[in-house]
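Have a look at the structure below, then the notes.
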Amino acid sequence: MNQVMSKPVEALPFEDTAFAFAHKSDRELRRSHLLFSLMNNPALVDIGARLAEWAFRLRLPVGWLVKNTIYRQFCGGETIDEVKAVIRQLGRYNIKTILDYGVEAKTTEEDFEHSAEHLQKTLDYAADDGYIHIVSMKLSGLFRFALLEKVNRMEGLDAAENAEWQQGIRRVERICQAAYNAGILIHVDAEHSWIQGAIDRIAWTMSERFNREQPIVINAVQMYRKDRLAFLEASLEHAREHGYRCAVKLVRGAYMEKERARAAAMGYPDPIHNTLEDTHNAYNRALEFCIRHIDEMYVCNATHNEDSCRLQAALMAQYKLPPGHPMTATAQLYGMSDNISYTMARAGYNVEKYLPYGPVQEVVPYLIRRTRENTSAGGRMSRELARIRMELHRRGDTKIQS
Ligand SMILES: Cc1cc2nc3c(=O)[nH]c(=O)nc-3n(C[C@H](O)[C@H](O)[C@H](O)COP(=O)(O)OP(=O)(O)OC[C@H]3O[C@@H](n4cnc5c(N)ncnc54)[C@H](O)[C@@H]3O)c2cc1C
């Protein structure tokens, strides 16, 4: 694989907070400021996360508190009807929505069927809505986790397990078929490495069926894993051999601590890069690989890292691709990195916001991941908090230090 070039990047004024937060009133911005200030404290986040899990388990009436604070920052609403306003608001700035029914950690066939039906309904809704062109799908929400683990280990399944597996595959087929019919893309989220092999296999099988004319099934690739550059090359090779478009969502990866802890406890080599620098290098090389092969690929640069977005712009300029090239996109999570999303959209890039929705209680695991991501790293203020402070200060809020 080529070295990633280091040439000057396109001017993308990510520090222009006036533009990035123009859609937020002073009151909304102050509310976000309070929330991110609280999340900046790791001890507080840890206690809060435990308390929330405990309170929901005991069915204490804390839903209203969560809904009016952290849920409002990171989620669209409890039903599709509730999220409409958010989708429209993003659309006004040329930002499309990746709709995610944020229900996680389900265990029964009934739950899985329910999730599949919900996804199909979401796709029906998306088919009629110009601003949603992606729906996301977590395979651990459609299969029993232990079954995914077993398939991942390539162990033989008994008759009952095999029937359960086939039932799960039919659920995924139904969803992909609905996406194909509606012309809506499906992001297959990347998860823990001990089930990811099973997920990749399903994603490749579905891609082979549905990505023949255009990308429909988009498989996520976590570049914090040491083996993922080789996997990316293998993905393109597989697509070439089987005559479909290789479509990927590049992410760094969200489960680093769990991955490292499991590897240490079970005594196998840590699958995650040894340093953050190594992860950044792998990510950059993956992005370069995708843009270089864009005639055969689709890539979504899913990140909150400004350098990765500048790199996307620079690579697209180097390979003479217009910013709005239909086989490229960048994506950020709703409630985070508006300065990237709004700036890239204004510059003409395809921008998407990942927007979870669903009952408050059900999206708690997702919300806990977001709070942990926004705690201070090494005592530094989180990126989000720094940007919000800058904007409040610019608006003349003298109590806020920029
Ligand atoms: C739209 C969208 C969709 C996403 N979908 C998924 C998904 O399907 N699956 C998934 O797992 N994640 C997903 N994520 C989360 C993503 O993987 C990252 O956790 C998150 O975006 C932070 O990474 P970053 O690229 O913004 O960059 P940065 O904040 O620059 O990098 C932080 C990341 O670097 C890595 N890292 C940090 N410290 C080290 C270290 N010491 N050594 C090695 N690596 C390190 C970790 O992956 C960490 O998350 C998604 C993110 C977005 C924006």
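Check Pro215 against each of (1) part of a loop (DSSP other than H, G, I, E, B); (2) farther than 23 Å from Lys258 by Cα; (3) within 14 Å of the ligand (Cβ to nearest atom) and name the one condition it does not meet.
All conditions are met except number (3).
Out of all the residues in the stretch 338-348, is one or more surrounded by 22 or more Cβ atoms within 10 Å (Cβ to Cβ), among the hydroxyl-bearing types (Ser, Thr, Tyr) and either under 30 Å from Glu213 (Cβ atoms) or out of contact with any Pro (no Cβ under 8 Å at 6 or more places or on another chain) (or both)?
yes
Tell me, yes or no, whether the stretch 352-366 has at least one residue that is farther than 21 Å from Asp189 by Cα and modelled with pLDDT of 95 or more.
No, the stretch 352-366 has no match at all.
From the residues in the stretch 55-73 that are hydrophobic (A, V, I, L, M, F, W, C) and either crowded, with 16+ Cβ neighbours inside 10 Å or in contact with a Ser or Thr (Cβ under 9 Å, 6 or more places away or on another chain) (or both), which one is nearest to Asp338 (Cα to Cα)? Spell out how you get there, then give the answer.
Looking only at the stretch 55-73, we keep the residues that are hydrophobic (A, V, I, L, M, F, W, C), and these are 55-56, 58, 60, 62, 64-66, 70.
Next, from what is left, pick out any that are either crowded, with 16+ Cβ neighbours inside 10 Å or in contact with a Ser or Thr (Cβ under 9 Å, 6 or more places away or on another chain) (or both): 55-56, 62, 66, 70.
Numbers: Ala55: 31, Phe56: 30, Val62: 28, Val66: 22, Ile70: 16 Å.
So the residue we want is Ile70.
Kindly list the number of the only condition in (1) closer than 18 Å to Ala127 by Cβ; (2) part of a helix (DSSP H, G or I) that fails for Ser207.
Evaluating Ser207 over (1) closer than 18 Å to Ala127 by Cβ; (2) part of a helix (DSSP H, G or I) leaves (1) as the failure.
Which residue out of Tyr342, Tyr319 is aromatic (Phe, Trp, Tyr) and within 27 Å of Asn68 (Cα to Cα)? Walk me through how you get there before you give the answer.
On the way: Tyr319 fails: within 27 Å of Asn68 (Cα to Cα).
Among Tyr342, Tyr319, only Tyr342 is aromatic (Phe, Trp, Tyr) and within 27 Å of Asn68 (Cα to Cα).
Would you mention how many residues in the stretch 117-139 are in a helix (DSSP H, G or I) and either surrounded by fewer than 20 Cβ atoms within 10 Å (Cβ to Cβ) or at pLDDT 95 or above (or both)?
Within the stretch 117-139, the first condition is being in a helix (DSSP H, G or I), and the residues that meet it are 117-127, 139.
Still in the running and either surrounded by fewer than 20 Cβ atoms within 10 Å (Cβ to Cβ) or at pLDDT 95 or above (or both): 117-118, 120-121, 124-125, 127, 139.
Going through the stretch 117-139 one residue at a time, the tally reaches 8.
Where the second residue is part of a helix (DSSP H, G or I) and the first is more than 18 Å from Met206 (Cβ to Cβ) and lies in the stretch 124-152, which pairs have Cβ atoms under 6 Å and are six or more apart or on separate chains?
Listed by first residue and then by second, the contacts come to Tyr125/Ile80; Ala127/Ala182; Tyr131/Ile87; Tyr131/Gly91; Ile132/Ala126; Glu149/Trp194; Glu149/Ile195.
Can you go through Ile169, Ile175, Ile195 and tell me which one is part of a helix (DSSP H, G or I), free of Cβ contacts under 8 Å to residues at least 40 places away in the same chain and hydrophobic (A, V, I, L, M, F, W, C)?
Numbers: Ile175 fails: free of Cβ contacts under 8 Å to residues at least 40 places away in the same chain; Ile195 fails: free of Cβ contacts under 8 Å to residues at least 40 places away in the same chain.
Sole residue among the options that is part of a helix (DSSP H, G or I), free of Cβ contacts under 8 Å to residues at least 40 places away in the same chain and hydrophobic (A, V, I, L, M, F, W, C): Ile169.
Could you go through the stretch 65-83 and let me know if any residue there is within 16 Å of the ligand (Cβ to nearest atom) and part of a loop (DSSP other than H, G, I, E, B).
yes
Looking at (1) closer than 30 Å to Asn181 by Cα; (2) more than 16 Å from the ligand (Cβ to nearest atom); (3) not small (Gly, Ala, Ser), which is the one condition that is false for Met266?
Failed condition: (1).
Which residues, taken from the stretch 102-114, are modelled with pLDDT of 85 or more and crowded, with 20+ Cβ neighbours inside 10 Å? Steps first, answer last, please.
Going residue by residue through the stretch 102-114, those that are modelled with pLDDT of 85 or more are 108-114.
Selection gives Phe112 alone.
Do any residues in the stretch 210-232 that are touching a residue at least 60 places away in the same chain (Cβ under 8 Å) have Cβ atoms under 6 Å from those of residues that are β-branched (Val, Ile, Thr) and in a strand (DSSP E or B), where the two are at least six apart or on different chains, and which pairs are they?
Ala220/Val251; Val221/Val248
So, of the residues in the stretch 250-260 that are part of a helix (DSSP H, G or I) and surrounded by 12 or more Cβ atoms within 10 Å (Cβ to Cβ), which turns out to be nearest to the ligand (Cβ to nearest atom)?
To start, the set of residues in the stretch 250-260 that are part of a helix (DSSP H, G or I) comprises 256-260.
If we keep only those that are surrounded by 12 or more Cβ atoms within 10 Å (Cβ to Cβ) as well, we get 256, 258-260.
On the way: Met256: 5, Lys258: 10, Glu259: 9, Arg260: 9 Å.
Looking at the filtered set, the residue picked out is Met256.
Identify all residues within the stretch 148-168 that are closer than 30 Å to Leu333 by Cβ and surrounded by fewer than 18 Cβ atoms within 10 Å (Cβ to Cβ); write none if there are none.
Applying the first criterion (closer than 30 Å to Leu333 by Cβ) to the stretch 148-168 yields 148-149, 151-152, 168.
Answer for the stretch 148-168, where residues must be closer than 30 Å to Leu333 by Cβ and surrounded by fewer than 18 Cβ atoms within 10 Å (Cβ to Cβ): just Glu149.
The values are calculated or read from the model by the stated rules, or taken from the named source; none is laboratory data. These figures come from a predicted structure and were not determined experimentally. Glycine gets a Cβ as well: all are built from the backbone with ideal geometry, and neighbour counts include every protein chain shown.
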